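Right, one structure below, let's go through it.
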Amino acid sequence: MISDIIAIIRDYWLLLLIGQYPNGPIGGLAATLMLSVLAIAFAFPVSIAFALARLSKSPFLNWPVTALVYFTRGVPLLMLILWGYFLVPLVTGANVPSFLTMLVTLVVYQGAFLSEVVRGGIVALGHGQMEAARALGHSYLGAMRFVILPQALYNVIPSIISVFVATIKDTTLGYVINVPDLTFAASQINNQLLTQPFQVFFILAAVYYVICWSLSQVAVLTERRITRKRAGTAPLPTAKSLKLAALTDQPS
């Protein structure tokens, strides 16, 4: 079996890496990473907008966005992909490429999930940060831009990386609408070989595992670094404070 896996990698590594390119659209692992990076890049500003709308006191912003977030999180991603793929051409009459359909679906889907991460980071800071910023003369948006969001986004970097890992795994669903990603390339190889499906999809699983495990380790290391930085910013005890603590702890 190991010899079969090595032979498949030797014969089809280019198809797994870039798909049919340059004789066709770029695919394989390159398309998977491209789709994931673009999805998280566009979902990030969407998530900030959703989070701010959910924190807004205006019902015209809060209620529709809250409904959209809950609906998106409650519906399977596969359903959203199929709706986008079949409904958009039906309504607009335009032939939308499958890659674009998958990208827009991932942006909306991951934007909804990421908005809860961003909102949680903002809420975790407490009201004191906003009150202090407003006391210094910042407007609400100014305080969010210069005081709240930089701290909140820094604190949730590990969670953002975790969402990126989930996005990479979610790209496998693009296979059902013929997105030429890594899963699609593996399926093409399997259709050519016919007799070695386990070996082909074992290679596919191994590639996804290496990528996702590596990014997960980056998230863990980043979280540890943030924790150490938080601990390092705590004020060091002075001689006066230590003396006062010692006097306080003495029994009466």
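Have a look at V179, V165, V200 and point out the one that is outside any helix (DSSP H, G or I), open to solvent by less than 30 Å² (accessible area, probe 1.4 Å) and of a type in the set (V, I, T). The conditions single out V179. Answer yes if at least one residue in the stretch 9-31 is surrounded by 13 or more Cβ atoms within 10 Å (Cβ to Cβ), touching a helix residue (DSSP H, G or I) at 6+ places or on another chain (Cβ under 9 Å) and over 26 Å from T183 (Cβ atoms), and no otherwise. Scanning the stretch 9-31 turns up no residue that is surrounded by 13 or more Cβ atoms within 10 Å (Cβ to Cβ), touching a helix residue (DSSP H, G or I) at 6+ places or on another chain (Cβ under 9 Å) and over 26 Å from T183 (Cβ atoms). Within the stretch 42-60, the residues that satisfy the criterion of being open to solvent by 50 Å² or more (accessible area, probe 1.4 Å) and within 14 Å of V108 (Cβ to Cβ) are F42, F44, P45, A49. The condition of being more than 30 Å from G24 (Cβ to Cβ) and either small (G, A, S) or surrounded by 19 or more Cβ atoms within 10 Å (Cβ to Cβ) (or both) holds for only one of V123, V65, V107, V75, that being V65. One residue alone among V37, V65 is closer than 25 Å to L141 by Cα and either under 21 Å from the mean Cα position of the chain (by Cα) or at pLDDT 90 or above (or both), and that residue is V65. Looking only at the stretch 109-147, residues that are outside any helix (DSSP H, G or I) and touching a residue at least 24 places away in the same chain (Cβ under 8 Å) come to 1 in all. From the residues in the stretch 140-164 that are modelled with pLDDT of 85 or more and hydroxyl-bearing (S, T, Y), which one is farthest from Q110 (Cα to Cα)? Among residues in the stretch 140-164 that are modelled with pLDDT of 85 or more and hydroxyl-bearing (S, T, Y), the one farthest from Q110 (Cα to Cα) is Y154. Note on the stretch 1-52: residues that are of a type in the set (F, W, Y) and in contact (Cβ under 8 Å) with a residue 12 or more places away in the chain amount to 4.
Residue count for the stretch 78-104 satisfying the condition of being part of a helix (DSSP H, G or I), β-branched (V, I, T) and surrounded by 12 or more Cβ atoms within 10 Å (Cβ to Cβ): 4. Of the residues making up the stretch 184-197, those that are more than 23 Å from N95 (Cα to Cα), in a helix (DSSP H, G or I) and of a type outside the set (G, A, S) number 7.
Here V104 meets each of (1) β-branched (V, I, T); (2) within 21 Å of V163 (Cα to Cα); (3) modelled with pLDDT under 90 with one exception, condition (3). Pairs meeting the criteria (first residue in the stretch 171-192 and closer than 16 Å to T105 by Cβ, second residue open to solvent by less than 30 Å² (accessible area, probe 1.4 Å) and β-branched (V, I, T), beta carbons under 6 Å, at least 6 apart or on different chains) are T171/T32; T172/T183; L173/I81; Y175/T183; D181/T32; D181/T171.
The values are calculated or read from the model by the stated rules, or taken from the named source; none is laboratory data. Because the structure is predicted, anything quoted here is derived from the model rather than measured. Please note: Cβ atoms are built from the backbone with ideal geometry, for glycine as well, and neighbour counts cover all protein chains shown. For accessibility, only protein heavy atoms count, side chains too; no ligands or nucleic acids. Shrake-Rupley method; radii C 1.70, N 1.55, O 1.52, S 1.80 Å.
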